[in-house]
Structures are given as structure tokens and as C-alpha cells.
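Right, one structure below, let's go through it.
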Amino acid sequence: MAGHDIPTSPLALPLPEMPAVPGVRVASGRAAIRYKDRDDVTVMAFPAGTTVAGVFTRNRCPGAPVDWCRSALPGGKARGLVVTAGNSNVFTGRAGRQTCEETAKAAAAILGCKPKEIFLASTGVIGEKLPTEKLIAALPRIFDMAAERDWQGAAKAIMTTDTFPKGAIRKARIGDAEVTIAGIAKGSGMIAPDMATMLSFLATDAKIPAGALQALLKKGVDRSFNCVTVDSDTSTSDTVMVFATGTAKHPRVPAEGGAVLKDFARALNEVLMELALMVARDGEGAQKLIQINVTGATTARSAHRIAMSIANSPLVKTAIAGEDANWGRIVMAVGKAGEPADRDKLSVNVGGVWMARNGGVVDGYDEAPVVQHMKGREVEITVDIGLGKGKSTVWTCDLTHGYIDINGSYRS
């Protein structure tokens, strides 16, 4: 089911004007891998010397492209990226590995580099052999079209059940020089934080050693994509990568990064967070974006686990879909998280209204403003555990019949 077959999410945001990132050439085209009437291949080409960082799924049944990228990443250099939509090249055994090898070899021949400088990602149906010959035949034509400003087409071509393309940009300073960070993402269902939840590709003209770039990406992903869940299901293909072309002129960045990258880290984190929230907004069938704040936990890790328990609860998500101010379901989700909690110290707030404090309903509690808040497109829940100083914020969406409609007909 292609993204354009599904009504656009009411939470959709427009794709921003995506400027060129010096050194990055981008293109999208058609290989008819699964979708016959839309672009389904995205490529990026980078100059020699481009460094790369990546974070990948912890699903124990990863796709062949994830394995390929993991093996190539220690080299720290990238010259190209090939992404396909419609077929995830997962659970395809030796055939899947051969597809990766042949795709990388073909792209490397076009760009004049080593196959291990080509990075791969695929998204779509699991368990079907990817028609390698169609992809390889299309690559020369698509790479030939690559230009610095085709980010919009790329953002659309990586979509599957997404209802809108996702992109974000920021500027940052390294010393006296300005650099650009641009990124695109796809993700709508099978979204849970076990790394990065979907596919996302960022590029910058900054010159950053691979090790420093990897550390920044890992930290940024933990604060963004790892705080987003749609349905608790962790994709076999989750990939987030950032490519640094090094074409900008700025002070040298040491191997360990450091203070010179403070503003760059700020901008990178903002791009990652913006893309992550777009994924939550595009949750399959979603009608509401939900922010869940947990405070007063014993540790930050405990707070995160409690917040995710609430965010992944079908009962909480369906109650919000039905605009039912049922705070008992929130209490239930706190209790099942397996983290330290005391019923008699628990407090629950929805939309700025404390419904329960210290284990009981607030005297004179008026449900009306809470119900009114839940009728909106964005819902905020705050839970105070009352045991410590640990806190965490995560985002999710409601669970509607649309989720069943989309996933019940995904392969048809």
C-alpha cells in the first residue's frame, strides 16, 4: 500500500524548503520494485572524504541492508547511498545478501569508489526477494539525475505507508563558519524505539571525524527517535545515518569532537527531534499526537520505561482516540511497567489539570476541561511517580480503526 493511497494525516506538517547541502547530490527515480506508478528509489552521492555515522535496529531479525551497513560503517567513509521502498529485503537469506553486494558493486562502479563506501537501506514488505535486476538497471539513470536540490523528491520516494514526506533543516556554526544540516525520514507504522524506529538520512557540509560524528548521532537518537513509539513494534530495517561531506571551511574538529561542535550538536539534535515528531504525527491511522511526561521516578531510565509503558498501552491509546478521560488506564500502564512505583504517591495530570494526586482523585475534580483538551489534536499527559528525581518525555499517537485498515491490507 503506497503512502498516497492513504488519506493524509490530520497531524501532517508541510515539507520545508530543503536547501542544497554543499557536496551532496540527491535524486529519486523508478525501478518498479513494488510500486508501479511512483518513484521508489532514492540515491545520494558524496565527494571523496565524506565521513559517515549510523545507528541501526536492535531487532534480532534485521534486514540484509542493515547487516551491510553495519559491516561497512567501521570504514568511516561514504561515497553513496541507495534506498529502495516497497520491499525491505528482510528474511530473504542468501538472495538478500547477494542483492546488497550487487547493488553496492553497481553503485560503486558508477561513482568510482569501493563497494564498502556505498550504504544501503530498504523498506517495505518482509520476506519477498527484491528484484535486483530492476534496481541495478535503474541506478545509472537515477544517479545521472542527481542534483544538490532534489531533497523533496527523495523524501517522497522513501515513503511506504507514510501519508506525508518528512524533512527538516538547520544551520549551525563551527567557529566563524556556517554549516547546513538537512535530513529526511520515513516512518508511520512498526515504530518503536529500539534504535531509531525507521529510516532517516541526514547530510551536512561540515568536516567532522567519523568517531565524533558517531557519538553525536548516538546521543541525539537517544533523545529523539528513541523517545517515539507508534505501536511498540520494532522494525527489522531501522536505520539513521548522517553523512558529512567536509566541503565547509571551518576550524579543525578534533577526533573526539568537543566544545567546537556545541552549536552543531544543538542543530543536529533539533533536526533529529523534528523528524522523530513527524514520524509520531504520521502514525498509521493517527488522529492525535500524544506527549507523555513522567517525573518523580527513581531514575531517568525508570522514568523512560514507565513513559513507554503508557505510550505503548493499547488501552491508553484507544481511550485517547475515543476522547475518554479514563485516568485509571494510565495508572494501570504505570503499574505494569515493572519499575518502582507506589500507588499512594502517584499523581496524574492531563492537559494541565491534575486529576489524581497521591493515589486518589483530587477533591472537586472537574472532568470537563480534561475532556475538552482531549478533543484537540495534541494531548499531553504528565505522571508524577513521587519517588525520586528521574524524568523522561516520550511521544506517541492514538490507536484508531485506521491502524487496522492500513495494516490489514498492507500487502494487497
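The values are calculated or read from the model by the stated rules, or taken from the named source; none is laboratory data. If you're wondering where the values come from, they're calculated on a predicted model, not measured in any experiment. Here Cβ is always computed from backbone atoms with ideal geometry, including for glycine, and neighbour counts include all displayed protein chains. In case anyone asks, the SASA skips ligands and DNA or RNA and just uses the protein heavy atoms, side chains included. Shrake-Rupley method; radii C 1.70, N 1.55, O 1.52, S 1.80 Å.
Residue-wise HN-Hα couplings along the range 299-315, as the Karplus relation 6.51 cos²θ - 1.76 cosθ + 1.60 with θ = phi - 60° gives them from phi, are 9, 5, 4, 5, 4, 5, 5, 5, 4, 5, 5, 5, 5, 9, 6, x, 5 Hz; Gly and Pro carry x.
Put GLU270, GLU133, GLU117 in order of accessible area, highest first, and with a 1.4 Å probe you get GLU133, GLU270, GLU117. Let me know the shape class of the range 291-412, please: from the alpha-carbon gyration tensor, a ≥ b ≥ c as square roots of the eigenvalues, rounded when a/c is under 1.5, otherwise prolate if a/b is greater than b/c, or oblate. Since a/c reaches 1.5 but b/c is at least a/b, the shape of the range 291-412 is classed as oblate.
DSSP bridge analysis restricted to the chain gives an antiparallel fraction near 70%, rounded to the nearest 5. Could you report the accessible area of PHE56 in Å², rounded to 10, computed with a 1.4 Å probe on the protein chains as they sit in the structure? The accessible area of PHE56 comes to roughly 20 Å². In sequence order, the range 370-382 has phi-based couplings of 5, 4, 4, 4, 6, 7, x, 7, 10, 10, 10, 10, 10 Hz under the Karplus curve 6.51 cos²θ - 1.76 cosθ + 1.60, θ = phi - 60°, and Gly or Pro positions carry x. Given a 1.4 Å probe and the protein chains as shown, TYR35 ends up with an accessible area of around 20 Å². For the residue pairs LYS77/LYS219; LYS105/LYS262; LYS129/LYS166, alpha carbon separations beyond 26 Å are given by LYS105/LYS262; LYS129/LYS166. Summarising the label geometry, the points placed 7 Å from Cα in the beta-carbon direction at LYS129 and GLU17 lie 4.8 nm from one another. Between THR393 and GLU101, the simple spin-label model (points 7 angstrom out along Cα→Cβ) gives 4.8 nm.
Ignoring ligands, DNA and RNA, what accessible area per residue does the chain give at 1.4 Å, in Å²?
That works out to 40 Å² for each residue.
Reducing the range 365-399 and the range 67-96 to their Cα centroids gives an inter-centroid distance of 39 Å.
Say R0 is 45 Å: what FRET efficiency, to the nearest 0.05, do ARG301 and GLU148 get from their beta-carbon distance? The partial results should precede the final answer.
Details: r = 42 Å, r/R0 = 0.93.
The computed FRET efficiency comes out at 0.60.
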